[in-house]
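Okay, structure first, notes after.
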Amino acid sequence: MKLVVGLGNPGPKYETTRHNAGFLAIDKIADYYRVNINSKEKKALVAKARVGGEKIILAKPQTYMNNSGQAVRALADYYNIVSEDIIIIYDDLDLDLGKIKIKKKGGHGGHNGIKSIFSHLGTKEFTRLRVGIGRPEYGNVVDYVLGRFSKQEIKVLEPLLDDIRGATELCIEEKVDKAMNRYN
């Protein structure tokens, strides 16, 4: 069993913000597998699906970004999922819009959601799928990540969400290394 978690902030205020790229990716995956991500479990909205022969739990933590680790830990414990079987999808300022990067482990890169997951899991050993949102040319970074995607950005984001779904499937069905070679 795999746990696939998209990071974001709950509520309509944050729905289509850059910081919710992980939620948008989970919604795309759920739509593809025709499951509704609306069951509340362990501080998250969840849905269950199958990718190939593998059972997966899709999750959108409802703890707000900076406390994402609470939900990830609770779900991992409840479903007895080891950290190596967890995939976290989240926004990344250091990647250009339209790019994705998959990593098996590494640092948090200043991302508070990932910091929270490190703290609650006590490990850095989980797969990350970083979604590029780019950096603002000027202005406040917080305002930028909590801002909505522009119409031009949405045109780039839509096909990217399909790539993220494909990359996630490859991580689950085959191997993370294969997904890294194809999508990085």
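Coordinate-derived values only; no laboratory data. Fair warning: this is a prediction, and the values are worked out from it, not measured in the lab. Don't worry about glycine lacking a Cβ; one is built from the backbone with ideal geometry, like all the others, and counts go over all protein chains shown.
A few comments on the model shown:
- Averaging the sequence gap over all C-alpha pairs within less than 8 Å and six or more residues apart, then dividing by the number of residues, gives the range 2-183 a relative contact order of 26 percent.
- Correct option for Cα extents along the principal axes in Å [calculated from the coordinates] among (1) 52, 38, 33; (2) 60, 33, 30; (3) 44, 31, 31: (3)
- With all projection directions averaged, the alpha carbon convex hull of the range 30-117 covers 6.4 nm².
- A simple packing score, the average count of other Cβ atoms within 10 Å per residue, orders the peptides 142-149, 3-10 as 3-10, 142-149, with the highest score first.
- Beta bridges per DSSP, both residues in the chain: antiparallel share near 55 percent.
- 10 Å Cβ shell holding at most 16 others, DSSP loop, GluC sites (Glu not before Pro): longest site-free stretch of the chain: 16-124
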